[in-house]
Structures are given as C-alpha cells and as structure tokens.
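The values are calculated or read from the model by the stated rules, or taken from the named source; none is laboratory data. This is a predicted model, so every value here is computed, not measured. For neighbour counting, all protein chains shown are included, and Cβ atoms are generated from backbone atoms with ideal geometry for every residue, glycine included.
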C-alpha cells in the first residue's frame with residue numbers, strides 16, 4: 001500500500017471489480033480488454049464503487065492500494081467538494097455491463113420505499129448508455145399500458161410475465177433514464193455503461209426460471225419489488241438534457257453525457273464536484289496539472305477529484321462518457 005502523501009489528490013484510476021454472473025458473456029474482455037476469470041460468464045465490471053464489502057482500489061500512483069472509502073476518510077473535501085455522501089458512501093457507482101442473456105426483471109427502491117422497507121435497503125436511480133446491440137435486442141422498461149400491479153402478481157403466479165412488460169428497442173448511442181421505482185430488465189445481446197446511485201439493493205421479481213452459477217435458482221424478492229414499483233414512471237423521461245448541449249441525461253443525482261473529441265481536441269473538467277470519465281473509443285488523457293497526464297485506452301475509467309480543474313484531451317480523437325456528481329446524494 002502506498003504511503004501517505006501531502007500532494008493534492010490526482011485523477012484516480014482503480015482496479016476493475018469483475019462480476020461473474022449467470023447472464024454474462026465475454027465481451028468485457030473482447031471489447032474493453034478486461035481480464036476475466038477463465039470459463040465463467042462475466043456480466044459486470046465495477047469501475048468506481050464504494051459499498052460495504054465492495055471497494056474500488058487505486059491501481060497506481062502515490063495512492064496505489066488505497067480503497068475509495070479510505071480516500072474519503074483522509075481527503076473528503078478534496079475528493080467530494082460540494083457533493084454529498086449517500087448514506088456515508090461515495091454517492092455514485094459506475095459499471096460496464098455485458099448481457100449475453102436477459103437479466104432478471106427487477107426494480108430498485110426510491111428513498112421513500114427504502115425507508116419503508118427498512119433493513120439494508122438503499123435507493124437507486126440509474127441511467128444507461130447503450131454501447132452495442134445485437135439484431136433484435138431490446139430492453140424491458142415498465143409495464144405495458146393498462147397493466148396493473150395486480151395483473152403482474154397474477155402473471156408471476158402463472159409464469160406469464162414477459163407479455164406484461166413494455167419492450168423498448170434500442171441502438172448504440174441511446175441514453176436510457178431509470179428513476180428508482182422503474183421495473184426493468186436488460187435484454188440479451190446488449191452491452192452498456194451504467195451510472196447509478198451507490199446502492200446494491202435489487203429486488204428481483206422474475207428470473208426467467210434459470211439457475212445461478214451455483215446451480216440453484218436465485219433468490220426472488222416479489223413482495224419488496226411490488227412495494228417498490230412505480231407503474232407511472234414507464235415511458236416518462238423525468239430528466240433534463242446536460243447544460244453542455246451534448247447528448248446525455250441530467251437529474252438531481254448526476255449528469256451523464258457523451259463527449260466526442262477530435263484529434264487534438266479537449267474539454268474542460270471544471271472543479272467543484274467529482275467527475276468520472278470512461279474511454280469508449282480511441283485514446284484520451286486527463287491532464288494532471290504539472291504532472292504527467294493520466295492516459296486512458298478503450299475501457300479505462302478514472303475518477304477526477306472535485307478539487308482538480310483539469311481537461312480531457314485526445315491526440316488522435318476519442319469518444320468518452322463523462323459523469324458529474326449531482327446536487328443530491
């Protein structure tokens with residue numbers, strides 16, 4: 001582990017946390033050069049995370065080996081600036097997802113439902129950026145028009161859930177906003193990037209009658225899910241466009257946008273709140289004051305502390321995602 005340093009926190013790159021999951025594939029390896037365990041389907045790469053038992057660890061530099069939670073404890077103001085913690089944790093989680101099979105039909109609670117359900121429930125609003133779509137692939141977002149929660153309960157009892165769900169065709173480059181309380185599932189053949197509130201609370205309502213990697217059916221949370229679903233959310237954007245004018249989503253928890261840099265181009269990263277960036281195409285770098293810039297290849301992510309006023313640069317052109325922590329944790 002790196003020793004303590006008096007230097008201002010630099011832009012930080014973390015070791016990815018790879019998640020073997022029964023619905024995953026191998027595209028995190030082929031598209032983004034992630035190192036995956038052999039012969040296991042892998043569904044997610046957690047790029048920035050601060051949850052109990054799940055911690056981003058700095059990959060290199062003067063803070064190598066430090067967990068994100070440690071950095072918050074040691075350098076909270078530098079890292080967070082104006083941003084607030086979410087239940088004592090860094091407020092956002094960023095991940096890459098490869099859905100070789102359709103994910104479970106699930107919902108995440110909003111703050112009110114999380115309080116009502118108690119226990120370890122944490123609220124989660126999230127958004128997706130679609131990276132790759134196989135022909136015919138689609139999402140499920142919300143219930144079909146006219147379908148009630150009672151209809152869903154009956155469908156669960158009968159094993160007929162798919163006809164009740166609203167199918168949403170997508171293509172690469174689409175942004176999808178999922179406020180907490182939205183019933184949803186990622187369809188087979190989709191690769192995407194996800195930004196979310198820092199929560200791992202997921203209530204599975206239906207898992208397509210499959211088993212997990214241990215050969216047993218995965219746990220369902222039907223009553224908690226039904227208590228969390230907000231049917232009125234399906235098909236309603238509920239968000240604004242980024243102030244920059246770039247494609248993306250802005251809500252009170254985050255701004256999530258796509259940045260395209262021409263060769264030699266740059267975009268300023270204003271200080272004040274933490275920012276996360278991920279390189280999708282080409283190569284880029286994040287300026288580091290007088291130090292060497294942090295270089296990003298395809299699939300690389302980094303966290304820029306709130307104290308740093310830097311810029312995204314690309315010598316040859318690049319496409320990146322840029323996240324800025326919002327006004328509310």
Could you say which residue among 119, 61 is touching a strand residue (DSSP E or B) at 6+ places or on another chain (Cβ under 8 Å), in a loop (DSSP other than H, G, I, E, B) and modelled with pLDDT under 95? 61
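Table: residues versus (1) assigned by TED's automatic domain parsing to the domain that holds residue 47; (2) touching a helix residue (DSSP H, G or I) at 6+ places or on another chain (Cβ under 8 Å); (3) surrounded by fewer than 21 Cβ atoms within 10 Å (Cβ to Cβ).
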{"site": "84", "(1), (2), (3)": "yes, no, yes"}
{"site": "95", "(1), (2), (3)": "yes, no, no"}
{"site": "108", "(1), (2), (3)": "yes, yes, no"}
{"site": "117", "(1), (2), (3)": "yes, yes, yes"}
{"site": "134", "(1), (2), (3)": "yes, no, yes"}
{"site": "148", "(1), (2), (3)": "yes, yes, yes"}
{"site": "152", "(1), (2), (3)": "yes, yes, no"}
Pick from segment 281-297 the residues that are modelled with pLDDT under 95 and part of a loop (DSSP other than H, G, I, E, B): which of them is surrounded by the most Cβ atoms within 10 Å (Cβ to Cβ)? 289
Taking segment 155-170 and the residues there that are more than 18 Å from the chain's Cα centre (by Cα) and in a loop (DSSP other than H, G, I, E, B), the one that is surrounded by the most Cβ atoms within 10 Å (Cβ to Cβ) would be 161
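From 70, 134, 82, 54, which residue is within 16 Å of the chain's Cα centre (by Cα) and modelled with pLDDT of 95 or more?
On the way: 70 fails: within 16 Å of the chain's Cα centre (by Cα); 134 fails: within 16 Å of the chain's Cα centre (by Cα); 82 fails: within 16 Å of the chain's Cα centre (by Cα).
After applying the criteria, what remains is 54.
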Hey, residue 246 hits all of (1) surrounded by fewer than 16 Cβ atoms within 10 Å (Cβ to Cβ); (2) outside the structural domain of residue 166 (by TED's automatic domain parsing); (3) closer than 22 Å to residue 107 by Cα but one; which does it fall short on? (3)
Report yes if residue 275 is over 23 Å from residue 92 (Cβ atoms) and free of Cβ contacts under 8 Å to residues at least 60 places away in the same chain, otherwise no. no
Residues in segment 10-36 that are more than 15 Å from residue 298 (Cα to Cα) and either outside any loop (DSSP other than H, G, I, E, B) or modelled with pLDDT under 95 (or both): how many? 10
